[in-house]
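Encoded as structure tokens, the structure appears first; notes follow it.
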Amino acid sequence: MPFTPAETPKCPKCGKSVYAAEERVAGGYKFHKTCFKCGMCNKALDSTNCTEHEKELYCKNCHGRKYGPKGYGFGGGAGCLSMDTGAHLNKEELDGVRNGARLEPRKIAKAPEGQGCPRCGGYVYAAEQMLARGRAWHKECFKCANCSKGLDSILCCEGPDKNIYCKVCYAKKFGPKGYGYGQGGGALQSDCYTNGFGTRGYGHLGMSSLGLMSDIKDCEWQSEHAPRAGVVDVSKIKARPGEGCPRCGGVVFAAELVLSKGREWHRKCFKCRDCTKTLDSIIACDGPDKEVYCRTCYGKKWGPHGYGFACGSGFLQTDGMTEEQIAASRPFAPPDTTSIKAPEGEGCPRCGGAVFAAEQQLSKGKMWHKKCYNCCQCHRPLDSMLACDGPDKEIYCKACYGKNFGPKGFGYGHTPTLVSTSGQNTMQYPEGKPFSGPKSSSGCPRCGFAVYAAEQMISKSRIWHKRCFHCADCRKSLDSTNLNDGPDGDIYCRACYGRNFGPKGVGYGLGAGTLTMA
């Protein structure tokens, strides 16, 4: 026998199935969320005020009123000290009364045939209309014809019988039947089989339910009668010459069409010619033989060969080519940049050849070959950051330029080791003081020569050379943080100023080492 899943619990109030997403539990019974209310006053309940009695729900007040002790002194308080049994709230005892108010039957004016609500036939006004395919329904009539579930524009499905259904009921009634169809587990069913097996539906079984099947014969029965997808031969329907799929020659329909350079392929045939890898518009390459290849096979078959070509080290191969074939296919560039001479003074300053736009390098308005643009001594390749133009109209790297044209002696150059190779000091003015030029009283107080803006240092409205702005005693370089103007008109560092003009004696000076009478 086929496996039948356990039935879902029924709601005691409405008698319909209760699913996990909408269940409320009380007294061991499961209710719908909409049914979880008091049976007398229709008050919505929760787990704190719910009381169950014989499959009926009550709030605490109504349960005490109907089943609690009666008489003076009983009940929840002064308001409950009565013999009230809640008869005025009981729907079964008073017909047509809700919450103490009598319900009058609603009178709906009938509309002409085909113009009113499709369900009740009455006029539908704008305030209460719901539309479904151009037909106006009352809001209270706009519900599933099968399960009476309230619908909206998303859940509504109009059936071929011109009635409206929810999606689940529509799928059960009008959807495809059999294994694998429907909205979900509840709709995957087979209503009937014409092969004599009756209504043994097995499509409603989910994957979790299939794991519970213990009858192997039943599984075999299902596998025998489940629908099977047949293998379709796309080359059976032949097209006219030059119009079908380039690989199989069959007609290509729109559902299986793949385009490549204006040619129509079957999706099943659109794969690499060599490795049969499935292709798409990104990795497909059209070969010169009018076939399609993946990038790897295209590179192996049609790409350049030899060391250094193709996609990477895995493709640095020659595929059995001879040395002559490799040499013939290798690109050739003339190494001599002087083969094309330029007019005098217009070519490369080093070789004199013509410089074209693809290989030019600029340096002080002169164009060099990229191959010639290197240091003339160490031949290091240069760029705009490393190149230095020498006075001999050549270019050098920074290190070679400093060795040839920079200042010599200890402490100059890029590092302390860049000393004069001949041992000769090239500094003409070791002290940095000029020997020529006009002297004036408004010049530098130390040397007397004029001070220009690029080298001036200011102290008490007096202008000094930057090279002269040092301590008069220890010749320490000064700045605005350690400058002290002495009373003799000269400048000193703090230590020398305190030694010369500061207070004397024990306890004065900069520290213990200066507590002297010197």
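Largest accessible area first, the listed residues Phe174, Phe270, Phe356 line up as Phe356, Phe174, Phe270 when surface is computed with a 1.4 Å probe on the assembled protein chains.
Three principal axis extents describe the C-alpha atoms of region 127-171; from largest down they are 31, 18, 16 Å. In region 8-69 the Cα-Cα distances spread across 10 Å bins starting at 0 as 25, 55, 18, 2 percent of all pairs.
Averaged over residues, the count of other Cβ atoms within 10 Å places the peptides 165-173, 471-479 in the sequence 165-173, 471-479, highest first. The residues neighbouring Glu113, those whose beta-carbon lies less than 15 Å from its own, together hold a net charge of +4 under the Lys/Arg +1, Asp/Glu -1 convention. Excluding ligands, DNA and RNA, the accessible surface per residue across region 8-69 is 58 Å² with a 1.4 Å probe.
Each other residue within a Cβ distance under 12 Å of Asp389 adds +1 if Lys or Arg and -1 if Asp or Glu, for a net charge of +2.
Compute the Cα gyration tensor for region 454-499, then decide on rounded, prolate or oblate, letting a ≥ b ≥ c be the square roots of its eigenvalues: rounded whenever a/c is under 1.5, prolate when a/b is larger than b/c in the other cases, and oblate in all that remain. Taking the square roots of the gyration eigenvalues as a ≥ b ≥ c, region 454-499 is prolate. Between the alpha-carbon centres of region 342-406 and region 236-275 there is a gap of 59 Å. Per residue, the convex hull around the alpha carbon atoms of region 337-406 comes to 85 Å³. Charge tally around Pro241: other residues with Cβ under 15 Å, Lys/Arg +1 each, Asp/Glu -1 each, net +3. Label separation (Ser384 vs Leu259): 4.4 nm, computed from points 7 Å beyond Cα along the C-beta direction.
Calculate what fraction, in whole %, of the accessible area of region 127-171 sits on carbon and sulfur atoms when a 1.4 Å probe is rolled over the protein chains.
Heavy-atom surface of region 127-171 belonging to carbon and sulfur, 1.4 Å probe: 51 percent.
D by Stokes-Einstein for region 255-300, Kirkwood Rh over Cα pairs, 10 °C, 1.306 mPa s: 151 µm²/s.
Based on alpha-carbon centroids, what's the gap between region 435-475 and region 118-138 in Å, whole number please? Between the Cα centres of region 435-475 and region 118-138 lies a distance of 104 Å.
The values are calculated or read from the model by the stated rules, or taken from the named source; none is laboratory data. The structure presented is a predicted model; accordingly, all values stated were derived computationally and were not measured. In this analysis, Cβ positions are derived from the backbone assuming ideal geometry, glycine residues included, and neighbour counts consider all displayed protein chains. Heads up: the accessible areas ignore ligands, DNA and RNA and are worked out on the full protein's heavy atoms, side chains in. Shrake-Rupley method; radii C 1.70, N 1.55, O 1.52, S 1.80 Å.
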